[in-house]
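The values are calculated or read from the model by the stated rules, or taken from the named source; none is laboratory data. Computed from a predicted model, the values in this text were never measured in an experiment. With ideal geometry, Cβ positions are generated from the backbone for all residues, glycine too; neighbour counts draw on all protein chains shown. Ligands, DNA and RNA are stripped out before the accessible areas are found, and what is left, the full protein with its side chains, is counted by its heavy atoms. Shrake-Rupley method; radii C 1.70, N 1.55, O 1.52, S 1.80 Å.
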Amino acid sequence: MLSIIQMSDKKAISAGILGVGSYVPDRVLKNDDLEKMVDTSDEWISTRTGIKQRRIALPEQAASDIAIPAAKKALDAAKVLPKAIDLIIVATSTPDMHFPATACILQYKLKCTRAAAFDLSAACSGFIYALIVAQQFVNTGTAKYVLVVASEVLSKAVNWGDRETCVLFGDGAGAVVVGPVDKGYGILSAHLAAEGAGWDLLTLPGAGSRIPLTVESVRNGKHFISMNGKEVFKFAAKVMEEGSLKTLELAGLSKEDISLLIPHQANIRIIEHAAKKLGLPMEKVMVNIHKYGNTSASSIILAMDEALEQGLINTGDNILTIAFGAGLTWGAAVIRWV
Ligand code: ACO
């Protein structure tokens, strides 16, 4: 486990979020629509997951396409020009293609001509992982502005005949600009962790070097998400609590200091469990899973952008954010808003 705290040393530059943006495709797929596709019901999906609908990308929309409006909004909010971006990190499990990195496509389309660019694979924990990588570059002065993007088109990775997974996921993108902030603001603490022993609980096994894309692999559905939902649920419930407490402790804060918890939006029961264990009332928890489902790496930024639009985040607020995902990975961060 990596534990990160804001460095007090004079030379270290504190890093924070300067601007946030998000985008979801227009097409809405409601639980009622899914009832016509697989043996499920609105009642089952709502009570077991909290999801009522999700957004679905158009056939021609890839991860970079839905990331562009999110990134433009984040750049505008941060008042940072594309050419001032030093590095682009895209967290995604559904990149445009194996290579090049989706980050390179964004670098070109956003005209971030000076930026280095790479993708980061940490599934639903991808945003927190990318945020903390960005923080390290800003801390050392290696980069001034980093564009952190999360973009997922999971609708193209799920088996629409598998009711155990297809009801859960949705498409969406988010972006934040990470840059220098005054000491005592920005990312106060974080931790990143993995439990590789559980790598096989949530996979998209096909089209890699272990199971290359062949007619047979497609016939066997190896290009779809495969998940042991019960085991992932147990893991998530454990790390959401432990990770939150650990990160608060690193920041020297207690739960009373937290203005808003922004958790990964995977299942309302996991979110409620975490809030209960932390002793946080649900009014202090940002939830929008009912509208978008699980958008993997993008979910926290979608919730953060909505919280900002609703005036739920103000200067000086301590925001706790936590995610878990395939890998298995998890990560959390405490951010004092600028
Ligand atoms: N509609 C109707 N019935 C269903 C559906 C469905 N969509 N899906 C499963 N069922 C059935 C099962 O077949 C089972 O039937 P049975 O009792 O006859 O065998 C019954 O419902 C109960 O199934 P469970 O798996 O026990 O249901 P559970 O309450 O565990 O909920 C769920 C399943 C929602 C998947 C839950 O386990 C979960 O949320 N797990 C975490 C998943 C997750 O967060 N994944 C993403 C991780 S992040 C990332 O990296 C992408």
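Per residue, the convex hull around the alpha carbon atoms of the range 94-139 comes to 80 Å³.
Per-atom-type breakdown for the range 239-290 gives carbon and sulfur 48% of the accessible area (1.4 Å probe, protein chains only). For residue 38, the shell of other residues with beta-carbons less than 11 Å away shows a net charge of -3, using +1 for Lys and Arg and -1 for Asp and Glu. Other residues with beta-carbon under 10 Å from the beta-carbon of residue 62 carry, at +1 per Lys or Arg and -1 per Asp or Glu, a net charge of -2. Stokes-Einstein, applied to the Kirkwood radius of the chain over Cα pairs at a viscosity of 1.567 mPa s and 4 °C, places its translational diffusion at 65 µm² s⁻¹. Counting only protein heavy atoms and a probe of 1.4 Å, the accessible surface of the range 1-138 is 58% carbon and sulfur. What helices does the chain have that are whole DSSP H segments, at least 18 Å long along their own axis by Cα, and with mean Kyte-Doolittle hydropathy of -0.5 or more? Correct list, ordered by number: 63-78, 126-139, 229-251. FRET efficiency for the pair residue 219 and residue 118, taken as 1/(1 + (r/R0)^6) with r the Cβ-Cβ distance and R0 = 35 Å, rounds to 0.55. Think of a 1.4 Å ball rolled over the protein heavy atoms: the range 199-302 then has 48 Å² of accessible area per residue. For the range 1-154, the per residue solvent-accessible surface stands at 46 Å², with DNA, RNA and ligands left out and a 1.4 Å probe. Centroid-to-centroid, using Cα positions, the range 255-310 and the range 67-87 are 25 Å apart. Work through the residues other than residue 81 whose Cβ is under 13 Å from its Cβ and net out their charges, Lys, Arg +1 and Asp, Glu -1. Local charge sum for residue 81: +4.
Look at where the Cα atoms of the range 190-211 and of the range 23-52 average out, and the two centres are 26 Å apart.
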